[in-house]
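Structure record follows, encoded as structure tokens.
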Amino acid sequence: MQIIILENPEQVAKNATQWISELFSKRTHPILGLATGSTPINLYQELVKSYQQEKLDFSKVTTFNLDEYHNIAPENAQSYRTFMKENLFDRVNIDQENTHLPTCNNEQNPRWQGLAYEEKIKQAGGIDLQILGIGGNGHIGFNEPTSSLSSRTRLKTLTEQTLVDNSRLFNADEYQPTMAMTMGIATILDAKHVILMATGKNKAKAIKEMITGPVTAMCPASALQMHENAIILLDEEAASELPNQQYFQRVDSEHQKIRDKYGLFL
Ligand code: F6R
């Protein structure tokens, strides 16, 4: 894991944008894994800005989102498709045919839908860079605590904590789905690089468990300890419960010299 501690959420978004720019400059057809939620909103704003300044071209990019609510119409205001359109897809020159989310409605067999999503990722050549947030309970995607570390795209029932955390995004009269299709932990670990972004004090405990705790299904993000190229971008608040912060700062400044010389990707 490369742990990078930055001052604030804006710096986290800017740093993630640099990695994505590097990916776009190195691959003719970049395959990008995306996340929803509050954390990546700043990142999407940065990506849109870079596109408007003609620094980024999305015309050859393919995307795979981590998750989507079960049995929700794509045009529903609460769907992750709508979130992605509003925050990114409708604001850059991406071909919307090349944007994928793991959907499943009541008429579809979730097992087949999961297999089909895995196959689509494989056919595209695998994910080059997967963007992740982290839940207060350590979830990545909607892999809630106790998810199998070998899991693949499937239907998951959301925990009480996730439902409460996400209820802020629903109006009182709106139905809040209790299940979601999500990439599995093994699907995420297959990505060539992952960037997990975490900002704010409410993520500090999960971050500490992810980095310094055991690899355990009780903290699904801890599986990233097994990933060869995991980059963890934290603001100071999310890093606040980490022991050895000075060590991480020193490692990062030494790595910065290597990145300056050879670029961001190996
Ligand atoms: C969203 C997702 C989730 C979120 C996590 C954090 O696609 O997969 O794992 O990344 O719940 O959400 P925020 O950023 O809203 O705190």
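For this structure, a couple of remarks:
- Local net charge near Glu254, Cβ-Cβ under 15 Å (Lys/Arg +1, Asp/Glu -1): +2
- Expressed as a whole percent, the accessible surface of the chain that belongs to carbon and sulfur atoms is 48, based on a 1.4 Å probe.
- Cα gyration tensor shape of the stretch 105-205, rounded if a/c is under 1.5, else prolate or oblate by comparing a/b with b/c: oblate
- Environment charge at Thr159 (Cβ cut-off 11 Å; Lys +1, Arg +1, Asp -1, Glu -1): -2
- Segment Asp90-Glu228, length gained on full extension (0.36 nm per residue, minus Cα span): 46.4 nm
- With a Förster radius of 22 Å applied to the C-beta separation of Lys122 and Lys49, the computed FRET efficiency comes to 0.10.
- The stretch 89-100 - phi-based ³J(HN,Hα) in whole Hz, Karplus 6.51/-1.76/1.60, Gly and Pro as x: 4, 7, 10, 10, 8, 7, 7, 4, 4, 9, 10, 10
- Taking GluC sites (Glu not before Pro) as exposed when their DSSP state is a loop state and no more than 12 other Cβ atoms lie within 10 Å, the longest site-free interval of the chain runs over 108-173.
- Distance cut-off 17 Å, percentage of C-alpha pairs in the stretch 51-125 lying past it: 50 percent
- In the chain, excluding the sites themselves, the longest stretch lacking any of the chymotrypsin sites (Phe, Trp or Tyr not before Pro) that are in a DSSP loop with at most 15 other Cβ atoms within 10 Å is 1-169.
- Electrostatic tally near Pro110: other residues with Cβ closer than 12 Å to its Cβ, Lys and Arg +1, Asp and Glu -1, net +2.
- Using distinct alpha-carbon pairs, which all enter the 1/r mean, Kirkwood radius of the stretch 1-48 in Å: 11.7 Å
- Where the stretch 78-132 is the region considered: accessible area per residue in Å², 1.4 Å probe: 52 Å²
- Cα shape, the stretch 185-255, gyration tensor, a/c 1.5 rule: oblate
- Antiparallel bridges, percent of DSSP beta bridges restricted to the stretch 93-250 (to nearest 5): 40 percent
- Across all directions, the average flat footprint of the convex hull enclosing the Cα atoms of the stretch 58-97 is 2.9 nm².
- Converting phi to 3J(HN,Hα) with the Karplus coefficients 6.51, -1.76 and 1.60 and the offset θ = phi - 60°, the stretch 159-174 yields 6, 3, 4, 5, 4, 5, 4, 8, 5, 4, 8, 10, 6, 4, 8, 9 Hz in sequence order, with x at every glycine or proline.
- DSSP assigns beta bridges within the chain; of those with both partners inside it, close to 30 percent run antiparallel.
- Value at 222 nm in deg cm²/dmol, rounded to 500, when DSSP H runs of n ≥ 4 in the chain each add -39,500 (n - 2.57): -11000 deg cm²/dmol
- Long pairs among Lys192/Lys261; Lys60/Lys257; Lys122/Lys192; Lys122/Lys203, criterion Cα-Cα beyond 23 Å: Lys60/Lys257; Lys122/Lys203
- Every Cα-Cα pair of the stretch 2-262 was included, and the share exceeding 24 Å stands at 46 percent.
The values are calculated or read from the model by the stated rules, or taken from the named source; none is laboratory data. Predicted model only: the values in this text are computed from it and were never measured. So basically every Cβ, Gly included, is an ideal-geometry build from the backbone, and we count neighbours across all protein chains shown. The accessibility values were calculated without ligands, DNA or RNA, using every heavy atom of the protein model including side chains. Shrake-Rupley method; radii C 1.70, N 1.55, O 1.52, S 1.80 Å.
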